[in-house]
1. Mind listing whichever residues of segment B:376-395 are open to solvent by less than 10 Å² (accessible area, probe 1.4 Å) and more than 21 Å from B:SER327 (Cβ to Cβ)?
2. Could you go through segment A:90-103 and let me know if any residue there is in contact with a Gly (Cβ under 8 Å, 6 or more places away or on another chain), within 11 Å of chain B (Cβ to nearest Cβ) and surrounded by 15 or more Cβ atoms within 10 Å (Cβ to Cβ).
3. Residues in segment B:255-276 that are open to solvent by 20 Å² or more (accessible area, probe 1.4 Å), in contact (Cβ under 8 Å) with a residue 24 or more places away in the chain and more than 29 Å from the chain's Cα centre (by Cα): how many?
4. When you check A:THR253 against the structure, is it surrounded by fewer than 23 Cβ atoms within 10 Å (Cβ to Cβ) and more than 22 Å from A:GLN190 (Cα to Cα), yes or no?
5. Right, B:THR440: outside any helix (DSSP H, G or I) and either of a type in the set (Phe, Trp, Tyr) or touching a Ser or Thr at 6+ places or on another chain (Cβ under 9 Å) (or both) or not?
6. Just one of A:LYS268, A:LYS275 is open to solvent by 70 Å² or more (accessible area, probe 1.4 Å) and not in a helix (DSSP H, G or I); which is it?
7. Please tell me if B:ALA336 is touching a Phe, Trp or Tyr at 6+ places or on another chain (Cβ under 8 Å), among the aliphatic types (A, V, I, L, M), within 30 Å of A:VAL201 (Cβ to Cβ) and surrounded by 18 or more Cβ atoms within 10 Å (Cβ to Cβ).
8. Is it the case that some residue within segment B:411-419 is over 24 Å from B:PHE202 (Cα atoms), away from chain A (no Cβ under 14 Å) and more than 23 Å from the chain's Cα centre (by Cα)?
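The values are calculated or read from the model by the stated rules, or taken from the named source; none is laboratory data. All of these numbers come straight from a predicted model, not from anything done at the bench. Every residue, glycine as well, gets a Cβ built from its backbone with ideal geometry; the counts of neighbours run over all protein chains shown. These accessible areas exclude ligands, DNA and RNA; they are computed on the full protein's heavy atoms, side chains included. Shrake-Rupley method; radii C 1.70, N 1.55, O 1.52, S 1.80 Å.
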Amino acid sequence: MDTTEALDMPIPDQLEETVISGKKDIDLTTVGDYTTENPRMKIRDVNVFYGAKQAVFDVNLDIGSNSVVSMIGPSGCGKTTLLRCLNRMNDTIDGCRVEGRVEMDGKNVYARKVDPVLLRARVGMVFQKPNPFPKSIFDNVAYGPRIHGLVRDRTDLEEIVHTSLERAGLLDEVKDRLDQPGTGLSGGQQQRLCIARAIAVSPEVILMDEPCSALDPIATARIEELIGELRKNFSIAIVTHSMQQAARVSQRTAYFHLGYLVEVGPTKDIFTMPKHQLTEEYITGRFG
Amino acid sequence: MSPLFLIFILLALSSAAYFFSQRRMLRQTRDANITRLNSLPEHFGMLGAIWAGAPALLVYFLWLIFEGDILMGQVLAILPDAESMAATRELLIGDIRNAINNPISYQMASEEVRMAADRYRELSQTASIALAAACLSVFAICSALVLKFLTPRVRARIQIEKFVRGFLLLCSTLAIFTTIGIVLSVLFEASRFFQTVPITEFLFGLDWSPQMAIREDQVGSSGAFGAVPLFVGTLLISFVAMLVAAPIGLMSAIYLSEYAPSKVRTAAKPLLEILAGVPTVVYGFFAAIVVSPALRGFGATIGLDVASESALAAGLVMGIMIIPFVSSLSDDVIAAVPQAMRDGSLGMGATHSETMRRVILPAALPGIIGGLLLAISRAIGETMIVVMAAGLSANLTANPLEAVTTVTVQIVTLLVGDQEFDSPKTLAAFALGLTLFFVTLVLNFIALYVVRKYREQYE
């Protein structure tokens with residue numbers, strides 16, 4: 001399906017989705033190709049409601065294998081809500097309802113028999129604020145492998161912890177103090193610890209919800225570098241407020257506005273020649 | 001004029017001063033063509049009322065506090081050979097007080113005492129007239145000062161703020177000094193007790209039988225004041241209570257804060273609060289009338305000999321009483337664990353109970369322990385349930401099926417009924433009270449410290 005046509009010649013029932021933004025009526029139908037080669041997850045016609053209020057409208061988006069897709073847009077545009085649909089973290093919010101399909105390996109993760117607990121082991125998450133558990137660095141990383149029974153003995157566990165810390169680029173800094181509390185690390189180290197914790201269970205997809213918004217520029221640079229490394233082994237979806245970050249780390253970018261996916265495409269295209277008026281206004285800093 | 005009537009008059013006069021000052025200020029501003037006052041007219045009214053009324057009220061309350069002592073001093077001074085009676089002065093004062101308040105005592109009192117009582121009444125009447133006169137004249141003088149000094153230039157709003165601060169300070173000082181007073185009086189009486197009974201005997205003695213011969217010729221034991229059986233009994237019952245309250249309270253807190261849908265939570269929380277609102281005396285007869293016989297019957301069927309007033313029954317019911325206390329404290333600390341911890345754990349694919357056990361409980365543990373310590377100190381100080389259900393005999397036993405007694409029960413029994421106030425038996429109550437006070441103080445102190453430490457961790 002080629003949605004670029006929709007912008008030029010809106011068909012009647014799509015006109016109804018037109019909402020008032022600023023002074024003008026603007027068509028919020030998705031512009032650009034939301035599919036990708038070799039997708040790891042597919043979001044299809046997803047609507048999310050908080051009680052009576054709808055937060056996400058008819059979103060379609062693929063998460064590609066071994067690539068990074070970034071979600072940008074002004075606050076309250078539904079990008080975090082959508083991200084949390086991917087591992088069903090929205091289930092923990094009272095009154096939150098998700099319609100539509102989120103597919104992984106061709107199966108809807110919202111199907112009745114899918115256990116969100118097992119899904120979350122395959123779709124890991126890194127949060128906005130570093131949230132290491134009040135345990136030692138070792139126990140933080142060993143948390144997932146322990147609860148999922150991934151290891152037989154202590155040697156296996158130590159190996160997983162070491163590899164995970166290494167892949168998160170934290171091992172050199174903490175290898176002499178694995179028994180110290182994870183909460184004692186600096187903000188950037190804590191966030192990398194959380195990434196190590198997430199990858200310790202070998203998820204297929206990693207969701208990152210503004211992972212650098214609480215960090216200083218140097219720590220941010222390290223995390224961005226790390227995301228580039230992680231892409232080799234994982235599929236990554238990242239929500240960010242920093243357009244530079246989206247440009248640096250991602251291959252595809254999706255721009256959200258008021259709960260609608262307005263434009264999606266290769267990152268370089270979005271930032272050099274946005275097709276939708278709202279995208280252009282946002283990335284050139286005219287609003288948002 | 002009776003003092004009660006006087007205070008109403010003073011209050012009425014102060015209100016009059018309020019309205020008067022307010023009106024007067026409005027009039028003055030109008031006459032002087034002032035367009036902006038620095039405070040509202042009500043502020044001037046209040047300040048007028050305070051300036052006029054407060055000194056008079058102060059005189060009034062100071063007199064009420066010291067009236068008794070001053071008058072009694074006067075009465076004793078006129079009694080013949082008051083000097084020689086210095087030793088029995090306290091007794092004499094007591095007799096005179098009785099004679100004043102109680103017509104029958106007056107009839108039975110000695111000539112001297114009657115004379116003193118008459119004199120006291122006379123003085124008291126004169127005093128109340130003098131008081132009224134004094135208060136009213138103070139009020140009059142202060143009102144005159146208000147007339148002279150309360151001008152639109154006075155910053156009434158600021159002055160009232162100062163007065164409010166002083167008043168609040170006075171209230172908190174009163175509360176603190178009352179507490180200190182109670183502690184000192186318990187300390188003083190307890191030290192009198194320790195003059196007759198060595199403190200080591202009290203703290204380490206294994207035999208408790210406080211019955212003393214009151215008269216010389218009375219048949220009775222000389223009294224033994226080893227409090228260990230009471231401590232053991234108290235601990236035993238508290239232990240049983242915590243065995244009930246800690247798991248149930250904690251689990252229900254976990255359920256309510258982590259699992260329950262919001263509908264259940266809104267319904268169940270008030271129900272738990274109701275449980276906390278049941279008077280302890282109701283728990284007490286519940287323990288004595290329902291639980292004890294039931295336990296006894298049950299014990300009989302499985303071949304156990306359960307005393308009709310067992311530590312088990314009292315402990316069980318006390319545990320039920322403490323459940324809401326434990327539950328609401330635990331609920332608070334569990335809720336204080338940041339949502340990010342839950343998200344982090346759930347996002348790793350942990351189940352609710354794994355999240356609870358591995359992340360939230362360890363994080364909340366210090367706070368929960370603090371809450372449990374507070375609960376223990378409540379259990380130790382709890383009186384009504386054990387008075388009704390725990391029994392009086394001081395057994396030194398760790399068997400919860402037997403009757404034991406507690407510190408609080410003994411305090412009650414020592415002080416109920418006719419007592420001689422300087423016998424070791426009565427004074428023992430103060431020593432027990434002091435011990436209880438000390439133990440709960442230490443427990444609360446540790447608990448609050450732990451809870452506060454825990455709070456800091458996440459703030």
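1. Of everything in segment B:376-395, those that are open to solvent by less than 10 Å² (accessible area, probe 1.4 Å) and more than 21 Å from B:SER327 (Cβ to Cβ) turn out to be B:VAL386, B:ALA389, B:ALA390, B:GLY391.
2. No - not one qualifying residue is present in segment A:90-103.
3. 3
4. No: the conditions fail for A:THR253.
5. Criteria not met by B:THR440.
6. A:LYS275
7. For B:ALA336, the condition - touching a Phe, Trp or Tyr at 6+ places or on another chain (Cβ under 8 Å), among the aliphatic types (A, V, I, L, M), within 30 Å of A:VAL201 (Cβ to Cβ) and surrounded by 18 or more Cβ atoms within 10 Å (Cβ to Cβ) - is not met.
8. No, there is no match, as no residue in segment B:411-419 is over 24 Å from B:PHE202 (Cα atoms), away from chain A (no Cβ under 14 Å) and more than 23 Å from the chain's Cα centre (by Cα).
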